[in-house]
Amino acid sequence: MPGPVIWSGHITFGLVTVPVSLISAVDRDGTPLHLVHTAGDCYGRIRYRKVCEIEDREVPEHDIGRGYETADGSIVPISDTDLDHLPLATAHAIELLGTLPAEAIDPRQIGAASYYLAASAAPAAVRPYVLLVEALARRSQVVVVKFAVRGDRERLGMLRARQGALVLNALRWSDEIRSPAGVAPSPGKVDEEELAVALDLIEARSVDTLAEIPDLTDHYGQALDAVVEAKLHARDLARPAQSIRGPHPVDLMDMLQQSVRDAHADRSSTQGPAAQ
């Protein structure tokens with residue numbers, strides 16, 4: 001089921017405009033852990049309340065709006081109507097800046113926010129929407145855009161076609177990306193034989209789609225349920241049979257070659273006899 005409409009506007013595609021609505025593309029179903037007061041085995045819930053710092057009292061949601069703080073500390077109230085009439089083109093339109101291959105996007109810039117751009121129900125608006133989807137799909141390219149959602153700053157985005165729909169991923173601006181200085185080790189000489197086996201390992205693990213990767217499931221919730229169940233019944237918790245190995249002296253080539261053999265064996269077992 002599609003979520004609620006966050007924003008409505010249009011895509012500017014040259015001289016063509018495509019009316020769209022912005023809808024979140026992801027469900028945020030988190031693990032049900034809460035902050036609690038642990039002293040004295042109290043375990044009362046810790047909640048965040050919205051308190052007015054002038055009147056020193058909790059304020060209901062319907063009495064909360066937005067305000068801009070000036071340099072002298074005074075507050076200028078900003079209403080939703082004010083935001084709807086921002087003198088900013090991208091407040092009402094997703095502005096197409098250019099197209100490029102998806103691999104040209106720095107993966108560090110791709111943010112967590114992901115949206116669908118839903119087509120307008122008007123028959124005249126469907127045709128340009130479908131046209132843009134088909135054009136992007138055939139070129140296998142993405143569109144870099146600028147957009148602004150109410151109450152937020154102007155943002156960079158990546159627009160692509162996916163299963164007949166337009167998907168918008170928020171991108172971070174280039175100046176938000178930290179340099180890897182101090183993270184990447186100093187360049188060293190690479191053993192060509194080891195490199196060849198490392199490339200074999202990457203190839204052995206290569207797939208065309210995420211659906212081909214086995215067990216692509218978040219097991220954190222199940223593991224947390226097991227912890228809760230064990231604590232409720234005062235039972236020892238069963239530990240995983242094999243923990244993640246830490247760094248220790250090994251023959252790197254032996255480990256690479258064994259990893260390649262394991263990868264081929266895993267692929268054979270998941271594909272079945274017919275694919276061998």
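Scan region 24-43 and tell me whether some residue there is among the polar types (S, T, N, Q) and assigned to a helix (DSSP H, G or I).
No - not one qualifying residue is present in region 24-43.
In region 72-86, is there at least one residue being under 30 Å from residue 228 (Cα atoms), within 30 Å of the chain's Cα centre (by Cα) and not hydroxyl-bearing (Ser, Thr, Tyr)? Among the residues of region 72-86, not one is under 30 Å from residue 228 (Cα atoms), within 30 Å of the chain's Cα centre (by Cα) and not hydroxyl-bearing (Ser, Thr, Tyr), which makes the answer no. Within region 90-104, residues that are closer than 23 Å to residue 149 by Cβ sit with their Cβ atoms under 6 Å from residues that are of a type in the set (D, E, K, R), at 6+ positions apart or across chains, in these pairs: 90/146; 90/154; 95/146.
Applying the condition of being over 17 Å from residue 266 (Cα atoms) and of a type in the set (Gly, Ala, Ser) to region 205-228 and asking which residue is nearest to the chain's Cα centre (by Cα) yields 221. Within region 84-109, restricting attention to residues that are among the aliphatic types (A, V, I, L, M) and surrounded by 15 or more Cβ atoms within 10 Å (Cβ to Cβ), which residue is modelled with the lowest pLDDT? Only one residue tops the list, namely 91.
Is at least one residue of region 226-240 touching a residue at least 40 places away in the same chain (Cβ under 8 Å) and either assigned to a helix (DSSP H, G or I) or charged (D, E, K, R) (or both)? No - not one qualifying residue is present in region 226-240.
What are the residues in region 45-83 that are within 30 Å of residue 18 (Cβ to Cβ) and loosely packed, with under 10 Cβ neighbours inside 10 Å, if any? Matches in region 45-83: 81 only.
The values are calculated or read from the model by the stated rules, or taken from the named source; none is laboratory data. Please read all numbers here as calculations on a predicted model, not as lab measurements. Positions of Cβ are backbone-derived with ideal geometry, glycine not excepted, and every protein chain shown enters the neighbour counts.
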